[in-house]
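Contents: one structure, followed by commentary.
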Amino acid sequence: MPSRRPLVGGNWKMNTTRTEAEMLAKAVIEGLGKELPEACDICLFPPFPWLSAVTDRVGSASVAVGGQDVSDHPDGAFTGQTSAAMLLDAGCRMALVGHSERRHGLGESDLVLNDKLKQAISSGLEAMLCVGETLAEREAGQSEEVVAKQVKQGLSGVPATDLGQISIAYEPVWAIGTGRTAAAEDAQAMHCRIRADLENQYDAPSAKGVRIVYGGSVKPSNADAIFAQPDVDGGLIGGASLDAEGFIEIIRAAASMSAS
Ligand code: 13P
């Protein structure tokens, strides 16, 4: 992996009770010890109601906490939404934008996601823009075109100077929670394509600096092969992040890539 520092996120989705969330965060922090955060950025994405409980548990700055979503508005009459300022107030440093379970499950458009991303970064959060094709799009040979559009529209109007606050998660929808992972070479090919598109949209040094992580059935058993790819800068982990030991193994795999 080139000079980009690896990044591993644990997306807990709509899982855990408050006690389970606190115990999971504690187990991750204690299991990591002191060394690993030096070699890898780590962010936990618990459900909204447990954010403060988890940020309290995490305490130190070495493991970040993030929201699984962020509103496209700063405040006001938006029932059920959570603003970037609220996330910051709860101790978050990051927010996911455009997870496929929101794009496809809730119908969030590229336009709304672009507004969410801008809200996040203008408030001082880091945003992880999630992109990925569905199985039907893949089978129709449209993967690259679909992902390129999601990246382009998601970052529309975002200046190069803000790219330091942005990472991208390539999560092919057909690989999420299915046990099917993209072949490491296929993940690399898509990450490389995303980086080339970023170079076109911005410039080479900016594109080189953006971390592009892979998500979709990453487990301790396949993490090494995926993270060994030169344009894969870590992972966004769903199911396997609910088990502290397995999640820590995945973090170790990413951290060891930065050392090699
Ligand atoms: P799984 O790791 O459970 O496939 O989920 C991936 C994901 O959606 C992370 O955001």
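No lab work stands behind these numbers, since they all come straight from the coordinates. Remember, predicted model here, so these are calculated numbers, not experimental data. Note: ideal-geometry Cβ built from the backbone for every residue, glycine included; neighbour counts use all protein chains shown.
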Exercise. Among residues other than Ile212 whose Cβ falls under 9 Å from its Cβ, what is the net charge (Lys/Arg +1, Asp/Glu -1)?
Worked result: +1
Exercise. For Ala196 and Ala85, what does the FRET efficiency come to when R0 = 45 Å and r is the distance between their Cβ atoms, rounded to the nearest 0.05?
Worked result: 0.80
Exercise. If the limit is 24 Å between Cα atoms, which of Lys152/Lys208; Lys13/Lys208; Lys118/Lys152; Lys26/Lys208 go over it?
Worked result: Lys13/Lys208; Lys26/Lys208
Seminar exercise, completed: Summing -39500 (n - 2.57) over every DSSP H run of at least 4 residues in the chain and dividing by its residue count gives a helix-only mean residue ellipticity at 222 nm, to the nearest 500 deg cm²/dmol, of -12500 deg cm²/dmol
Seminar exercise, completed: For Arg211, the residues 5 or more places away or on another chain with a placed amide H closer than 5 Å to its own amide H are Ile168
Problem set entry | Gain in span if fully extended, Asp56 to Ala140, counting 0.36 nm per residue against the direct Cα distance | 25.6 nm
Exercise. Taking the chain as a Gaussian network, where each spring joins two C-alpha atoms under 10 Å apart, which residue of Ala140, Ala228, Ala25 fluctuates the most?
Worked result: Ala140
For this session: Provide Phe227, Phe48, Phe247, Phe78 in ascending order of the number of other Cβ atoms located within 10 Å of each residue's Cβ, fewest first.
Result: Phe78, Phe48, Phe247, Phe227
Exercise. Taking other Cβ within 10 Å of each residue's Cβ, how do Ile121, Ile251 sort, fewest first?
Worked result: Ile121, Ile251
For this session: Arrange Thr79, Thr17, Thr181, Thr134 by Cβ neighbour counts within 10 Å, fewest through most, would you?
Result: Thr79, Thr17, Thr134, Thr181
For this session: Hey, can you grab everything whose amide H is under 5 Å from the amide H of Ala39? Only 5+ residues off in sequence or another chain; H modelled, so Pro and N-termini drop out.
Result: none
Exercise. How big is the antiparallel share of DSSP beta bridges in the chain, given as a percent to the nearest 5?
Worked result: 0 percent
Problem set entry | Summed side-chain charge close to Pro47 - residues other than Pro47 whose Cβ falls under 10 Å, Lys, Arg +1, Asp, Glu -1 | +2
For this session: Report the normalised scattering of region 167-231 as log10 I(q)/I(0) at q = 0.26, 0.28 Å⁻¹, calculated by the Debye formula with identical scatterers on the alpha carbons.
Result: -1.09, -1.20
For this session: With the convex hull built on the Cα atoms of region 124-260, state its orientation-averaged projected area in nm².
Result: 8.4 nm²
For this session: Any chance you could list P(r) for the chain, counting all Cα-Cα pairs in 5 angstrom bins from zero, rounded to whole %?
Result: 1, 6, 15, 19, 21, 18, 13, 6, 1, 0
